[in-house]
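The values are calculated or read from the model by the stated rules, or taken from the named source; none is laboratory data. Here the structure is a predicted model, which means the values were calculated and not measured. Neighbour counts run over all protein chains shown; Cβ positions are idealised from the backbone, glycine included.
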Amino acid sequence: MKAVSWTLNTIMEPIEQLNLATVIEVSQAVLGENVLEKLLDTIVRIAIVQAGAQRALLIIARGDKYRIEAEATTSSESVNVDLRHANVTSAEVPESVFHYVLRTKESLRLDDASSERPFFDDQYIKRHSTRSILCLPLLKQTRLIGVLYFENNLSCRVFTSARMAILKLLALEAACSIENTLLYGELREREARVRRLVDSNIIGIFIGRSGCITEANDAFLQIVGYSRDDLLSGRMRWPDMTPPEWRKEQAEAVAELRATGTVKPFENAFLRKDGSRVPVLIGGAMFDECQGQGVAFVLDLTERKQAEDDLRRSERRYHEAELELAHANRVATLGQLSTSLAHEVKQPIAAAINNASAALHWIDRESPDLEKIRQSLGRIVGNGHRANDVISRIRSLLKKAPLQKERLEINDAIREVLALSRGEITKNAISVRTQLAAGLLPIEGDRVQLQQVILNLVVNAVEAMSSVPVGARELTISTVKGRAESVHVAIRDSGPGIAQVALDRAFDAFYTTKPGGLGMGLSISRSIIEAHGGRLWATVNAPQGASFEFTLPAAPDVEQRD
């Protein structure tokens, strides 16, 4: 750029000598600079010399605020320029003058500021005894880019019409240059930020055109296993790097990219150079729709996918452990009922033996009584079915089987559990009362697991009433329609009840109030109910005892029954 050659002598030159050559030189000096700091220095330095001012301010709009970016002052031998970043205050400029120019977007010249209304009353003018003032708007079309402010305290009428003509030209060219330089600076800053992002290798980035990858950072090359030589060879094409099963998603993404200019992040996969696959999350944007060039951002999902697989395996192992624990609990519960269960099996077998003996007796008579024989054999069949039912129920609770959800009636499940535990209930002289509502909605669940819950609660109730005198032991099992299409089951006993401290911890794992108990039965029961979408809780039963209740949602797609 040509050096700026104006000096203080210019102020003293006759106006006539400020000819066309001076105007051209001013224009070249301003338009030839594209570094903001240098441009501001040049503008304010030229401006103060051309204006014949003692002080000049270059004020630029920054968003919705204005800031003093440069200040020039004159001394006996030179022009001093201070690049500043200060707010516009009454200590820096006469606010009445400044706001007038902002409001009207017109130049304001005060030949004798101390006497011109309405500005003579401005505190700045009074404080500094300012004489000549000139304030020029920097306009780009109708937009206000900033303001040039000049003052001279030595004499009046310094800013003549001839000087204003050159200063207005300077203001016009300064507005264009400042805006262009600001835009250019913002563009360079954006490019620098993008370059820092690319070079930081935090995420894979590549630039492509018509399917060919023209530029990529090291992070992307590492994701796909290619070298920079492969990139420079021009052989890297992202459609060819996409596995066949992902090409449909890729085509949809390309269509979205062409239609909107951007594509939201979506999961995809790339074929690495060694043939292996890498899962990725990819999004992108177009640079220029006409040229078909765009940028893509690629995130390697290998670690996340591995973590998801590990989580699934962990959940599967946890589920298997839960099933093992539930099975162990069923076995332990049935172990508690072993005597009663043995009686339940022996009883029909003994009855069958007696009925068989009776049938033999009727056969051995001289004239066999066929009707009696038929009755005895019928009773033997019934005894066999009864024994088979008991054994089948025991086997279903003892066997290890995966979760099998089926549609079932909760009342039927309760009746089967009561039949299985009848011997233990009778042995402990407990009176059982059932209040099973009719017309309940069917539920969907694993019959064995739900019967395990009911059996746990029944056995706990039987044990709780062992300290209660015979005749006062009562077990009540009821079912009703619950809210929001569900069933509600309650198992109440007349035992000593549960203390509030124990009630709060009743469902905690390994918490028990029973000697030798493991404290897992209620914890497992709650897990089973919650896995079926229900809720299990305990309350104090009035007038005495405890109440354990649970709800289960109705099976999906069932009609509400009246």
(request) Find the residue count for the stretch 116-151, including only residues that are farther than 20 Å from M164 by Cβ and either part of a loop (DSSP other than H, G, I, E, B) or polar (S, T, N, Q) (or both). (result) 7
(request) Select from the stretch 223-248 the residues that are surrounded by 15 or more Cβ atoms within 10 Å (Cβ to Cβ) and either on the phi < 0 side of the Ramachandran plot or of a type in the set (D, E, K, R) (or both) and list them in ascending order. (result) I223, V224, Y226, D230, L231, M236, W238, M241, T242, W246
(request) Select from the stretch 85-104 the residues that are over 49 Å from the mean Cα position of the chain (by Cα) and under 21 Å from M164 (Cα atoms) and write down the one among them that is surrounded by the fewest Cβ atoms within 10 Å (Cβ to Cβ). (result) T104
(request) Only residues that are surrounded by fewer than 18 Cβ atoms within 10 Å (Cβ to Cβ) and in a loop (DSSP other than H, G, I, E, B): list them for the stretch 479-496, please. (result) R483, A484, E485, P496
(request) Would you mind finding the one in V263, V278 that is β-branched (V, I, T) and free of Cβ contacts under 8 Å to residues at least 24 places away in the same chain? (result) V263
(message) Under 9 Å between Cβ atoms, which residue pairs at least 6 apart in sequence (or on different chains) link something in the stretch 220-245 that is without any contact (Cβ under 8 Å) to a residue 24 or more places away in the chain and within 18 Å of V295 (Cα to Cα) with a partner that is buried (at least 16 other Cβ atoms within 10 Å of the Cβ) and among the β-branched types (V, I, T)?
(response) L231/I213; G234/I213
(request) Evaluate the following for Q50: is it of a type in the set (S, T, N, Q), closer than 21 Å to T181 by Cβ, touching a residue at least 40 places away in the same chain (Cβ under 8 Å) and in the same structural domain as A162 (by TED's automatic domain parsing)? (result) yes
(message) Which residue is farthest from I166 (Cα to Cα), if the candidates are limited to the stretch 70-84 and must be assigned to a strand (DSSP E or B) and touching a residue at least 40 places away in the same chain (Cβ under 8 Å)?
(response) L83
(request) Identify the residue in the stretch 437-457 that is assigned to a helix (DSSP H, G or I) and aliphatic (A, V, I, L, M) and, among all such residues, is surrounded by the fewest Cβ atoms within 10 Å (Cβ to Cβ). (result) V448
(request) Name the residue, out of L183, L167, L172, that is over 24 Å from G283 (Cα atoms), at pLDDT below 85 and not assigned by TED's automatic domain parsing to the domain that holds V280. (result) L183
(request) Among residues belonging to the stretch 35-67 that are assigned to a strand (DSSP E or B) and over 44 Å from the mean Cα position of the chain (by Cα), point out the one that is surrounded by the fewest Cβ atoms within 10 Å (Cβ to Cβ). (result) R55
(message) Exactly one condition in (1) modelled with pLDDT under 80; (2) loosely packed, with under 15 Cβ neighbours inside 10 Å is false for V470; which is it?
(response) (1)
(request) Return yes or no: is A91 modelled with pLDDT of 90 or more, assigned to a strand (DSSP E or B) and assigned by TED's automatic domain parsing to the domain that holds L169? (result) no
(request) Considering each residue of the stretch 450-472, count those that are over 49 Å from the mean Cα position of the chain (by Cα) and of a type in the set (G, A, S), and give that number. (result) 4
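Every residue, every condition in (1) modelled with pLDDT of 90 or more; (2) closer than 17 Å to I202 by Cβ, yes or no:
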| residue | (1), (2) |
| --- | --- |
| S276 | yes, no |
| L281 | yes, yes |
| M286 | no, no |
| V295 | no, yes |
| D300 | yes, yes |
(message) From the list A192, A219, exactly one residue is outside the structural domain of S75 (by TED's automatic domain parsing), of a type in the set (A, V, I, L, M), in a helix (DSSP H, G or I) and surrounded by 15 or more Cβ atoms within 10 Å (Cβ to Cβ). Which is it?
(response) A219
(message) Please determine whether any residue of the stretch 496-516 is in contact with a helix residue (DSSP H, G or I) (Cβ under 8 Å, 6 or more places away or on another chain), at pLDDT 90 or above and in the same structural domain as T426 (by TED's automatic domain parsing).
(response) no
